[in-house]
Amino acid sequence: MTRALILGGTADASLLAAEIARAGQDAIYSYGGRTRAPADQPLPTRIGGFGGVSGLADYIRREAITHVIDATHPFAAEMSRNAVDACAETGTPLIALERAPWTRAPGDNWIEIPDVNAAVAVLPEAPAKVFLAIGRQHIAPFAAKPQHTYTLRFVDPPETPLLFSADVIVSRGPFTLDGELEMMRRRGITWIVARNSGGDGARAKIDAARMLGLPVIMISRPRRPERLRVESVAEIMQWLGHRTCLGA
Ligand code: NAP
């Protein structure tokens, strides 16, 4: 009997959970607990950290987990490292569901940088209208450039005051190309700061920036550990031993 643990928090993890539930596969879905009201999943769900590598290893043993699927966001590097170490410790097979990063298309004006601090440095000194599409844990360094007019977009309203003045849009999407174009035009956005998440769900803002000729400061993905990695739900199902039509 297989019993899978999905490390989730992404749209891809939700697609996987739906497929696993449809297949009648025994599995638990795990959220990190960052959003106040995470989407319901069609699987038994737990929420919150495990307590590092040893906590995750204990959880795997206690719940008799036979397979771990790391379907976390490409920027959730700590969880991915912990999964590698805990699976090595417990001898549990591990696979990652990770979409490919976006690549430049003709007309893209990207400045690729390694982290948030480099993004702050690259922003101009003259006041600009900046859309920070990066998640609330990462915005503090932008307080160093308060001359800009910032637009932020979060899933939940901020619980503590921001360190600098900004307009906050509260929305969990989905975001369409038309919607992103309208938002950027209405706010007169001149710069965008984004992380190279990859996938279709967050892509509209990048396509809108290209159409509007706007520069995008693109933060590259953090280094994640080497592990078996695939890009589709069908490949995960096959890895779990289900017959699937790959590419479907
Ligand atoms: P992170 O820095 O890699 O993880 C920090 C800690 O949060 C982990 O060590 C773990 O705590 C806990 N954690 C993270 N994901 C978990 C999960 N799925 N289940 C249980 N515990 C989890 O991760 P993060 O960047 O804060 O992201 C947290 C969650 O939000 C992830 O599930 C990720 O998929 C989702 N998410 C992140 C982003 C992003 O931009 N980073 C975007 C969309 C969604 P313990 O060490 O105590 O186990």
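Each value in this text was obtained by applying a stated rule to the coordinates, not by laboratory testing. Keep in mind it's a predicted model, so treat the numbers as computed, not measured. Because the Cβ atoms are built from the backbone with ideal geometry, glycine has one as well, and the counts that use them run over all protein chains shown.
Answer rounded, prolate or oblate for region 1-105, using the Cα gyration tensor with square roots of eigenvalues a ≥ b ≥ c: rounded when a/c is under 1.5, else prolate when a/b is larger than b/c, else oblate. Cα axes put region 1-105 in the rounded bin. The packing ranking, built from the mean of other Cβ atoms within 10 Å per residue, places the peptides 75-82, 163-170 in the order 75-82, 163-170, highest first. Could you tell me the distance between the Cα centroids of region 49-68 and region 186-246, to the nearest Å? When both Cα centres are located, 28 Å separates them. Computed from the Cβ-Cβ distance with R0 of 35 Å, the FRET efficiency linking residue 160 to residue 45 stands at 0.85. Count Lys and Arg as plus one, Asp and Glu as minus one, and take only other residues whose Cβ is under 13 Å from that of residue 2; the net charge is then -1. When the chain is treated as a GNM with alpha-carbon contacts under 10 Å, the residue of 114, 124, 161 showing the greatest mean-square fluctuation is 161. Would you work out which of 32, 4, 177 lies farthest towards the positive end of the dipole of the chain, given +1 charges on the beta-carbon of Lys and Arg and -1 on that of Asp and Glu, about the Cα centre? Looking along the dipole axis, the top candidate is 177.
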